[in-house]
1. On the basis of being more than 7 Å from ligand 2 (Cβ to nearest atom) and over 11 Å from the mean Cα position of the chain (by Cα), does residue 17 make the cut?
2. Considering only region 48-63, state which residues are buried (at least 16 other Cβ atoms within 10 Å of the Cβ) and within 11 Å of residue 27 (Cα to Cα).
3. Among the residues of region 3-16, is there at least one that is in contact (Cβ under 8 Å) with a residue 60 or more places away in the chain, surrounded by 16 or more Cβ atoms within 10 Å (Cβ to Cβ) and β-branched (Val, Ile, Thr)?
4. Which of the strands (runs of 3 or more DSSP E) contained wholly in region 3-57 include at least 2 residues that are more than 17 Å from residue 67 (Cβ to Cβ) and more than 8 Å from ligand 1 (Cβ to nearest atom)?
5. Filtering region 61-72 down to residues that are closer than 14 Å to residue 12 by Cα and assigned to a loop (DSSP other than H, G, I, E, B), which residue is farthest from the chain's Cα centre (by Cα)?
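No value in this document is a laboratory result; all are computed from the given coordinates. Computed from a prediction, not measured in an experiment: that's the story for all the values here. Cβ placement follows ideal geometry from the backbone for every residue including glycine, while neighbour counts extend to all protein chains displayed.
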Amino acid sequence: MAFKGQIVVDTDRCKGCGLCVEACPMHVIELSKHVNGKGYNYSEPVKEGCIGCASCALICPDGVISVYKVKC
Ligand code: SF4
Ligand code: SF4
């Protein structure tokens, strides 16, 4: 059975540091043009292609990214 990755960002807690954007080997994360309640441009997945490697979650200083594997 095939799986793909999926991330969920707790956008209210994101500081917009961009480390996850740089860490993603598939380049599926970008900083939003919109800001959260603290005024930070939060990160978000912008396209398909996540492989569930968890690099983004591991590098996030605030642990606000959850990684899931879902059936294709
Ligand atoms: S789990 Fe891996 S592929 Fe998916 S968004 Fe995070 S760094 Fe990118
Ligand atoms: S590494 Fe964490 S705090 Fe930094 S932009 Fe990504 S989700 Fe936000």
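1. So residue 17 fails the test.
2. Selection gives 50, 56.
3. Scanning region 3-16 turns up at least one residue that is in contact (Cβ under 8 Å) with a residue 60 or more places away in the chain, surrounded by 16 or more Cβ atoms within 10 Å (Cβ to Cβ) and β-branched (Val, Ile, Thr).
4. Of the strands (runs of 3 or more DSSP E) lying wholly inside region 3-57, those with at least 2 residues that are more than 17 Å from residue 67 (Cβ to Cβ) and more than 8 Å from ligand 1 (Cβ to nearest atom) span 29-35.
5. In this case the residue turns out to be 62.
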